[in-house]
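Written out below as structure tokens is the structure these notes cover.
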Amino acid sequence: MNSNTPSVVSTDLNPEKLPAHVAIIMDGNGRWAKKRLLNRIKGHEKGSETVRTIVRTCREIGIPILTLYAFSTENWQRPKSEVTALMSLLKKFLESEKTEMLDNNIRLNAIGQTERLPENVRKTLYKTMDLTKKNDGLRLNLALSYGGRSEILRMVKQIAIKVKDGHIDPDLITSELISEHLYTGDMPDPDLLIRTSGEMRISNFLLWQIAYTEICITDTLWPDFGKDEFVQILKDYQRRERRFGRTGS
Ligand code: FPP
């Protein structure tokens, strides 16, 4: 389905109960390609098209923050040819979507060890982030060379240094202080985490931030994921009762 096709279900969403932050583990590109006897890279290419569709859908629906797990710290261990292809796809995506981001008030942000990205990708990323930094519409957060444990390690080191230098009293270390020292420091925690392609695991994604996040795992492979299923998941989310550890009453 084309992303411009009007969705019959989108109008049923309650605008008052939209998640402020949706995070997605985009999984299944390789399996999508394998099923078609194609090279894995073709799956990633098709997956980039889904990224476009879902970003557009979030903007249309009015979701404030979308975080996409595009490349994990563990993904560096994939074959060199696949890593190179993913980096080049990322650069292509940033270049091709620049105008769309500028025209549609999208602010690009990255979380993760972006310093590890190849120089040409890093430059394009930082340039696009800078160009879009004043936009206050959808915030598109790309997790790049991201790992939840290394993010926590980085936060612990930053706080330890501040304690050592006398800037923080250990008795005043709170959950809020920890959150502020993560890459997502100025964002609310995700309300909804979606994982495509059926695996029941978190894969080192946003470990601290998803403490009370609603989780939805769909069997659909990421390249086959689309606007209608996304809207159905949002409708299901709106029917859930969020308790944050309390009782329902
Ligand atoms: C998981 O599929 C997906 C990735 C490791 C990368 C996600 C990348 C994209 C969707 C495309 C490029 C991204 C952007 C932002 C333009 P997998 O390869 O692990 O699939 P498998 O589990 O079926 O092998």
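In a loop (DSSP other than H, G, I, E, B), basic (Lys, Arg) and within 17 Å of Ala70 (Cα to Cα): which single residue out of Arg149, Arg201 fits that description? Please lay out each step first, then the result.
On the way: Arg149 fails: in a loop (DSSP other than H, G, I, E, B).
Only one candidate qualifies: Arg201.
Quick one: how many residues across the range 57-86 are farther than 22 Å from Glu151 by Cβ, under 18 Å from the mean Cα position of the chain (by Cα) and either in contact (Cβ under 8 Å) with a residue 60 or more places away in the chain or within 11 Å of the ligand (Cβ to nearest atom) (or both)? First the steps, then the outcome.
In the first step, residues of the range 57-86 are kept if they are farther than 22 Å from Glu151 by Cβ; the result is 57-63, 79-82, 84-85.
Still in the running and under 18 Å from the mean Cα position of the chain (by Cα): 57-63.
With the extra rule that they be either in contact (Cβ under 8 Å) with a residue 60 or more places away in the chain or within 11 Å of the ligand (Cβ to nearest atom) (or both), the set shrinks to 57-59, 61, 63.
Selection size over the range 57-86: 5.
Of the residues Leu193, Leu206, which single one is within 16 Å of the ligand (Cβ to nearest atom), closer than 22 Å to Val231 by Cβ and modelled with pLDDT of 95 or more? Please lay out each step first, then the result.
Numbers: Leu206 fails: closer than 22 Å to Val231 by Cβ.
Just one listed residue meets the conditions, Leu193.
Checking Gln209 against (1) crowded, with 17+ Cβ neighbours inside 10 Å; (2) in a helix (DSSP H, G or I); (3) not aromatic (Phe, Trp, Tyr): exactly one of these is not met. Which one?
Checking Gln209 against (1) crowded, with 17+ Cβ neighbours inside 10 Å; (2) in a helix (DSSP H, G or I); (3) not aromatic (Phe, Trp, Tyr), the one that fails is (2).
If I filter the range 93-111 for residues that are part of a loop (DSSP other than H, G, I, E, B), away from the ligand (no atom under 14 Å from the Cβ) and in contact with a strand residue (DSSP E or B) (Cβ under 7 Å, 6 or more places away or on another chain), do I get at least one hit? Break it down into steps so the answer makes sense when it comes.
First pass over the range 93-111, keeping only residues part of a loop (DSSP other than H, G, I, E, B): 104-106.
Checking which are away from the ligand (no atom under 14 Å from the Cβ) leaves us with 104-105.
So of that shortlist, the ones also in contact with a strand residue (DSSP E or B) (Cβ under 7 Å, 6 or more places away or on another chain) come out as none.
No, the range 93-111 contains no residue that is part of a loop (DSSP other than H, G, I, E, B), away from the ligand (no atom under 14 Å from the Cβ) and in contact with a strand residue (DSSP E or B) (Cβ under 7 Å, 6 or more places away or on another chain).
If a residue must be acidic (Asp, Glu) and within 16 Å of the ligand (Cβ to nearest atom), how many such residues does the range 209-228 contain? Don't jump to the end; show me each part of the working.
Quick first cut of the range 209-228, residues acidic (Asp, Glu) only: 214, 219, 224, 228.
If we keep only those that are within 16 Å of the ligand (Cβ to nearest atom) as well, we get 219, 224.
Selection size over the range 209-228: 2.
For the range 87-109, enumerate the residues that are surrounded by 15 or more Cβ atoms within 10 Å (Cβ to Cβ), without any contact (Cβ under 8 Å) to a residue 40 or more places away in the chain and touching a Ser or Thr at 6+ places or on another chain (Cβ under 9 Å).
Listed by number, the residues that qualify are Lys91, Leu94, Lys98, Met101, Arg107, Leu108, Asn109.
Just to be sure I understand the filter: pairs with C-beta atoms under 8 Å, separated by 6 or more residues or on different chains, first member in the range 215-228 and without any contact (Cβ under 8 Å) to a residue 24 or more places away in the chain and under 15 Å from Ala33 (Cα atoms), second member assigned to a loop (DSSP other than H, G, I, E, B) and within 13 Å of the ligand (Cβ to nearest atom). Which pairs pass?
Partner pairs satisfying both residue conditions: none exist.
Which pairs do you get when a residue that is among the hydroxyl-bearing types (Ser, Thr, Tyr), found in the range 187-203, comes within reach of a residue that is more than 10 Å from the ligand (Cβ to nearest atom) and not in a loop (DSSP other than H, G, I, E, B), reach meaning Cβ atoms under 7 angstrom, with the pair 6+ apart or on two chains?
none
Restrict the check to the range 21-32 and report whether at least one residue is within 13 Å of the chain's Cα centre (by Cα), in a loop (DSSP other than H, G, I, E, B), on the phi < 0 side of the Ramachandran plot and more than 9 Å from the ligand (Cβ to nearest atom).
The initial filter retains those residues of the range 21-32 that are within 13 Å of the chain's Cα centre (by Cα), namely 21-27.
Then drop every residue that is not in a loop (DSSP other than H, G, I, E, B), which leaves 26-27.
Subset that is on the phi < 0 side of the Ramachandran plot: 26-27.
From what's left, more than 9 Å from the ligand (Cβ to nearest atom): none.
No, the range 21-32 contains no residue that is within 13 Å of the chain's Cα centre (by Cα), in a loop (DSSP other than H, G, I, E, B), on the phi < 0 side of the Ramachandran plot and more than 9 Å from the ligand (Cβ to nearest atom).
Scanning for something more than 7 Å from the ligand (Cβ to nearest atom) and assigned to a loop (DSSP other than H, G, I, E, B), does the range 45-53 turn up at least one residue?
No - not one qualifying residue is present in the range 45-53.
Of all the residues that make up the range 179-201, how many are of a type outside the set (Asp, Glu) and surrounded by fewer than 16 Cβ atoms within 10 Å (Cβ to Cβ)?
Applying the first criterion (of a type outside the set (Asp, Glu)) to the range 179-201 yields 179, 181-185, 187-188, 190, 192-198, 200-201.
Within this subset, residues satisfying the condition of being surrounded by fewer than 16 Cβ atoms within 10 Å (Cβ to Cβ) are 185, 188, 198, 200-201.
Residues flagged as of a type outside the set (Asp, Glu) and surrounded by fewer than 16 Cβ atoms within 10 Å (Cβ to Cβ) within the range 179-201 amount to 5.
Restricting attention to the range 70-79, does a residue exist that is touching a Gly at 6+ places or on another chain (Cβ under 8 Å), surrounded by fewer than 19 Cβ atoms within 10 Å (Cβ to Cβ) and closer than 21 Å to Leu18 by Cβ?
The answer is no; no qualifying residue exists.
The values are calculated or read from the model by the stated rules, or taken from the named source; none is laboratory data. Quick caveat: nothing in here was measured; it's all calculated off a predicted structure. We place every Cβ from the backbone using ideal geometry, glycine too, and count neighbours over all the protein chains shown.
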